[in-house]
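The values are calculated or read from the model by the stated rules, or taken from the named source; none is laboratory data. Keep in mind it's a predicted model, so treat the numbers as computed, not measured. Every residue, glycine among them, receives a Cβ derived from its backbone with ideal geometry; neighbour counts consider all protein chains shown.
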Number of protein chains: 4
Amino acid sequence: MLNETAAGVYIISATPFTGTGEIDYASTDQLVEFYLEHGVSGMTILGMMGEAPKLSSDEALAFMSHMLKRVAGRVPVIVGVSNAGIANIASLSHAAMDQGAAGVMIAPPRGLGTDEKQHGFLSQCCEALGPDVPVCYQDFPLATGVSLSAELFARMVWDFEQLVMLKHEDWPGLNKLTRIRTLERRRVSILCGNGGIFLPEEMARGADGAMTGFAFPEMLVAVVRLCNEGAYDAASDLFDAYLPIIRLEQQPGAGLAIRKEILRRRGALKCNAARMPGPTLTREDHTEITRLMARLDRRLIDLKGS
Amino acid sequence: MLNETAAGVYIISATPFTGTGEIDYASTDQLVEFYLEHGVSGMTILGMMGEAPKLSSDEALAFMSHMLKRVAGRVPVIVGVSNAGIANIASLSHAAMDQGAAGVMIAPPRGLGTDEKQHGFLSQCCEALGPDVPVCYQDFPLATGVSLSAELFARMVWDFEQLVMLKHEDWPGLNKLTRIRTLERRRVSILCGNGGIFLPEEMARGADGAMTGFAFPEMLVAVVRLCNEGAYDAASDLFDAYLPIIRLEQQPGAGLAIRKEILRRRGALKCNAARMPGPTLTREDHTEITRLMARLDRRLIDLKGS
Amino acid sequence: MLNETAAGVYIISATPFTGTGEIDYASTDQLVEFYLEHGVSGMTILGMMGEAPKLSSDEALAFMSHMLKRVAGRVPVIVGVSNAGIANIASLSHAAMDQGAAGVMIAPPRGLGTDEKQHGFLSQCCEALGPDVPVCYQDFPLATGVSLSAELFARMVWDFEQLVMLKHEDWPGLNKLTRIRTLERRRVSILCGNGGIFLPEEMARGADGAMTGFAFPEMLVAVVRLCNEGAYDAASDLFDAYLPIIRLEQQPGAGLAIRKEILRRRGALKCNAARMPGPTLTREDHTEITRLMARLDRRLIDLKGS
Amino acid sequence: MLNETAAGVYIISATPFTGTGEIDYASTDQLVEFYLEHGVSGMTILGMMGEAPKLSSDEALAFMSHMLKRVAGRVPVIVGVSNAGIANIASLSHAAMDQGAAGVMIAPPRGLGTDEKQHGFLSQCCEALGPDVPVCYQDFPLATGVSLSAELFARMVWDFEQLVMLKHEDWPGLNKLTRIRTLERRRVSILCGNGGIFLPEEMARGADGAMTGFAFPEMLVAVVRLCNEGAYDAASDLFDAYLPIIRLEQQPGAGLAIRKEILRRRGALKCNAARMPGPTLTREDHTEITRLMARLDRRLIDLKGS
């Protein structure tokens, strides 16, 4: 069961599709092994980056069951359950927990413009879930249009005991992270998103790790480890080598296609297809990916040499 | 099958729930009879006002099947199929058409900020649907964040033959409606939303009727008929009597609770419950509804007397 | 000086332009007399509806000076000072107060997505204004993108003594108004906007009047008076007669052109021009205005007869 | 006069303030020399990053006059003239051109949701400016909420001869840039914003340079030069060294404070103050800046050594 001590890298899993748009379970198994081999501490499925809103309910349930079976007992799995309806959130959450999920992740729906509305929404969720479902709250204003203050988060942590984790994805978010750590009366786990683009700074400010889908999870894992050891410069040296690619993957929308293509090139996915409507890659995109991956290889060799 | 000549009132059906939040099929049957008795020309189900995003996929399919069976052969039924994924839109559409729907309604997803993106989205939809599924396009910027120009609509009508209807719900929208009628090279059906709050003016500018969920469908029906007969003043006299309530129901979010309560008071629904997260009624809301319904009754008596 | 007891109708004044887009001061004087003759209790200038953002700073200052001189000693004048910069807000406010304004109106800038940010913004404003400038806070989410909860407003009223008035313009806003009255520990003046489209209900829920620019201020004045006398039905009878026009004027953007044209037809403005970019009237708009004004005249005769 | 051949780095100038919030002209002169010494090809003043909306009109005019005199005959100056009113845009533009500006920059106002509205707005601007004022169009959807397709831009370039430059700041924007170059029938200058975070890729896709305010203009200058020489790897080596800081500066809102502080540390500004409401730096921000600037120094030494 997920709790406040969760740390490390919870990789946001891609959802593999065939060229004709079906979920590819063989490719899924391969992807799971790829993530585990690269040292992730947990997995998050059915997130935005997992294209969950473009799955049918049946597909989402089937994919979830498959993943939970496949990963069971190896690392904890968090299931994204964001939905326009509280009842849907509850039923998917209960199905997930019954099948072995460690917890669920909820992003607020568009339009919660006041602290009261956001608190009320999470209150309704927690009541519908029951007290035994651990919750990770996703704070991603660029995608949801909903803003969360450190003050409100501290209040929600105090009011809802099952809220054990924040997916920190506000932009800018560094001072908010510091402020959350200052205000909190119960320490929760904070894992960072946004492709990890501020990960070294976030670790220095009190994050516990990353929850993002970057196509090189081994970098995220190493950076978190090095930061925990206080080796911030070594962490930054490694991080900086990947930063040109992080920047490319972090682009809203288009980044998903780039991420899937890199995973494909690394042998983690059979096909780079994203579901429609979704981004596709141009010839120029491919050229840039090839060039940046080659530059990364050279840079990693330099780093080892130094 | 829905086509460009569709006219009259296509009522947006509420989705009846029990007090515990389950779909209430007995109440649904009652609601269908209520709508038909009050003279609607068609029905639209699983729209935003039908709380479609808060149903599970299974519930949506079951409700659709029930409605299509119940209404079959009486009036045409349009099924709302808006979804984040093209594949989901296609599969729900095909299920609907197989079970006797007259056509489907699609609203663009958030974020289509340019004409090209909006055209591209509808193009993907039409390709996935195949040419035999008639489409009503919902233009509701307040809810979707997507704006449609008359020029773009004319272009889409020209490019996509199966686009036979516009649910006109922009605000302000009167001059746009006039402009669409000026630019069009193929005349499509235009039915007006927004609770009907500009219906007499819209009829004068070339609309073919209304597609909205106002709790007094008989007014919409009479206004459309009177306008078609050129009796604009009689239409406006009737319309004006209901306008204080239209205004109340048209409020975003809160209006749904008011609408369901009025339908309940009129015997069309067993329960006014909306699914969470959703609006609830306060004591003051009830007082206002009571007062405005009483005022309407008096006004209708006056109108008959005059 | 504006204080918590302010009540009645504070008309939002239009800014009169000549056909070539210059401020027309002769027409302005005429407009002032029109408003005063129709019984307004106060005036608000340089609001959104006054096209303030389209004036140059010099024009805004000149128009303000002219109006303050013209209205001095007759009714209180509130000056809209919303601006992207705190320093600009302060300097315009101090100029206004020096020249006899009763207070200033501030709307929050776009992007204040949390309670903390909104509170912080008003705190910066109050500090820059100094304690002697009475403030009316404009709550108009449709235009600003900023939402205000009753809880936050109560907190701001408590923290900022100079906050003496709310321009209530949320939509839906009725239950929020009730909740503000329930939560408040210091009673402030609440004047309602949105063209007055919910004015009778808002008066019943505790509003003190209206602050809006409806082209028939005498209706607003009478409705507020009748509601204060407890004659809600008489108030609603009058209100309902104007509702078809209120509805037209309340349209975002386009409504301003309609309002200015009606004011012109009533002899209150010499020219209906709005500054670019702005709405213009089509032939169909003119037809609708003519028709609705004629219908209003007949309805008012009926009302007197009854 | 600005024309389609403009290229290189047009630095977006900060506006220097004293600690009490006044424009600091001594610091301004120093800043101008800093930019010129570091090799910029042009300067853009009164942009968003220049805090233009927080200046009073008089301050904006005074700052513009000062800058135009100071820079006259050294490099071309573009003046940001974005405003809610066309008349204000025109008068500021004419004042700028009279005093020696090379051209003006216009960003569309919020709410232009259709191609027609955006085209109409630019058409009104061009008519008000007259044909002799060269225009740079700023495409920055994250700040304006307005999206521009390559198709629409090509159409506007064709229709408005004075449109000679695009400030390319969409995100993601790489494929759009390629598409603009494919569609254009008249080649215009494209300078890239967003802190330069995709500059090497943008140069490879046909950009002519950068228009952004990054605190190390010498990097932008060198990267543009190297790319023009086809030395993309050398360009990327240099770019990558600065990327950790670019990333920090590119944060919306907060980035401005970081940029001003780095300029201060480099001796280009006397004071890092931004006008209220605006970001301020925390102790942790200072630590990060110190650390990243030290890392940059080491990296540059390594680069020279290699």
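Some notes on this structure:
- Condition met for D:VAL75 (within 26 Å of D:ASP29 (Cα to Cα), away from every other protein chain (no Cβ under 13 Å) and surrounded by fewer than 20 Cβ atoms within 10 Å (Cβ to Cβ)): yes
- The one condition from (1) in contact (Cβ under 8 Å) with a residue 40 or more places away in the chain; (2) under 24 Å from A:MET203 (Cα atoms) that A:LEU129 does not meet is (2).
- Yes/no for D:MET67 being crowded, with 21+ Cβ neighbours inside 10 Å, without any contact (Cβ under 8 Å) to a residue 60 or more places away in the chain and touching a strand residue (DSSP E or B) at 6+ places or on another chain (Cβ under 6 Å): yes
- Test result for A:SER123, hydroxyl-bearing (Ser, Thr, Tyr), away from chain C (no Cβ under 13 Å), within 20 Å of A:LEU2 (Cβ to Cβ) and surrounded by fewer than 20 Cβ atoms within 10 Å (Cβ to Cβ): yes
- Qualifying residue in region A:228-250 (condition: touching a residue at least 24 places away in the same chain (Cβ under 8 Å), surrounded by fewer than 17 Cβ atoms within 10 Å (Cβ to Cβ) and under 19 Å from the mean Cα position of the chain (by Cα)): no
- Summed over region A:3-21, the residues that are of a type in the set (A, V, I, L, M, F, W, C) and over 15 Å from the mean Cα position of the chain (by Cα) give a count of 1.
- From D:ARG266, D:ARG298, D:ARG283, residue being farther than 29 Å from D:ALA26 by Cα and out of contact with any strand residue (DSSP E or B) (no Cβ under 8 Å at 6 or more places or on another chain): D:ARG298
- Yes/no for B:GLU151 being surrounded by 21 or more Cβ atoms within 10 Å (Cβ to Cβ), at pLDDT 95 or above and farther than 18 Å from B:MET97 by Cβ: no
One line per residue, one yes/no per condition, for (1) more than 14 Å from chain B (Cβ to nearest Cβ); (2) of a type in the set (Lys, Arg):
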position	(1), (2)
C:GLY193	yes, no
C:ILE197	no, no
C:MET203	no, no
C:MET211	yes, no
C:ALA215	yes, no
C:ALA222	yes, no
C:ARG225	yes, yes
C:GLY230	no, no
C:ALA235	no, no
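- The one condition in (1) touching a Cys at 6+ places or on another chain (Cβ under 9 Å); (2) over 22 Å from C:LEU174 (Cβ atoms) that C:PHE198 fails to fulfil: (2)
- Selection from region B:244-253 of residues that are at pLDDT 95 or above and under 15 Å from B:PRO277 (Cβ atoms): B:PRO252
- Conditions (1) small (Gly, Ala, Ser); (2) under 27 Å from D:MET219 (Cα atoms); (3) surrounded by fewer than 23 Cβ atoms within 10 Å (Cβ to Cβ); number of the one not met by D:ALA14: (3)
- Test: residue in region A:168-185 that is in a strand (DSSP E or B) and more than 28 Å from A:ALA268 (Cα to Cα): no
- Scanning region B:154-166 for residues being away from chain D (no Cβ under 14 Å) and either out of contact with any strand residue (DSSP E or B) (no Cβ under 8 Å at 6 or more places or on another chain) or at pLDDT below 95 (or both) gives a total of 3.
- Number of positions in region C:84-120 that are surrounded by 22 or more Cβ atoms within 10 Å (Cβ to Cβ), without any contact (Cβ under 8 Å) to a residue 24 or more places away in the chain and either more than 23 Å from D:GLU59 (Cα to Cα) or in contact with a strand residue (DSSP E or B) (Cβ under 9 Å, 6 or more places away or on another chain) (or both): 1
- Evaluation of D:ALA207 against the conditions (1) away from every other protein chain (no Cβ under 11 Å); (2) touching a residue at least 60 places away in the same chain (Cβ under 8 Å) shows that the sole unmet condition is (2).
Okay, residues lined up against (1) among the hydroxyl-bearing types (Ser, Thr, Tyr); (2) under 26 Å from C:PRO277 (Cα atoms); (3) modelled with pLDDT under 95; (4) part of a loop (DSSP other than H, G, I, E, B):
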| site | (1), (2), (3), (4) |
| --- | --- |
| C:LEU2 | no, no, no, yes |
| C:ALA14 | no, yes, no, yes |
| C:MET48 | no, yes, yes, yes |
| C:ALA60 | no, yes, no, no |
| C:MET67 | no, yes, no, no |
| C:ARG74 | no, no, no, yes |
| C:ILE89 | no, yes, no, no |
| C:ALA101 | no, no, no, yes |
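- Test: residue in region D:254-268 that is among the basic types (Lys, Arg) and surrounded by fewer than 16 Cβ atoms within 10 Å (Cβ to Cβ): yes
- The set of residues in region C:115-163 that are outside any helix (DSSP H, G or I), among the hydrophobic types (A, V, I, L, M, F, W, C) and under 22 Å from A:GLY111 (Cβ atoms) comprises C:PHE140, C:VAL146, C:LEU148.
The rows are residues; the columns are (1) within 22 Å of B:LEU92 (Cα to Cα); (2) within 12 Å of chain B (Cβ to nearest Cβ); (3) within 18 Å of the chain's Cα centre (by Cα); (4) among the β-branched types (Val, Ile, Thr).
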residue	(1), (2), (3), (4)
A:MET43	no, no, yes, no
A:ASP58	yes, yes, no, no
A:MET64	yes, no, yes, no
A:LYS69	no, no, no, no
A:ALA87	yes, yes, no, no
A:HIS94	no, no, no, no
A:MET97	no, no, no, no
A:GLY100	no, no, no, no
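- Residue check, D:PRO141 surrounded by fewer than 22 Cβ atoms within 10 Å (Cβ to Cβ), without any contact (Cβ under 8 Å) to a residue 40 or more places away in the chain and away from chain B (no Cβ under 12 Å): no
- Evaluation of C:THR287 against (1) polar (S, T, N, Q); (2) more than 10 Å from chain B (Cβ to nearest Cβ); (3) surrounded by fewer than 21 Cβ atoms within 10 Å (Cβ to Cβ) (one fails), failing number: (2)
- Qualifying residue in region A:22-38 (condition: surrounded by fewer than 24 Cβ atoms within 10 Å (Cβ to Cβ), over 19 Å from the mean Cα position of the chain (by Cα) and assigned to a loop (DSSP other than H, G, I, E, B)): yes
- If you go through region D:166-222 and keep only what is β-branched (Val, Ile, Thr) and under 15 Å from D:VAL40 (Cβ atoms), you end up with D:THR212, D:VAL221.
- Residues that are more than 10 Å from chain A (Cβ to nearest Cβ), among the polar types (S, T, N, Q) and free of Cβ contacts under 8 Å to residues at least 60 places away in the same chain within region D:167-191 comprise just one, D:THR182.
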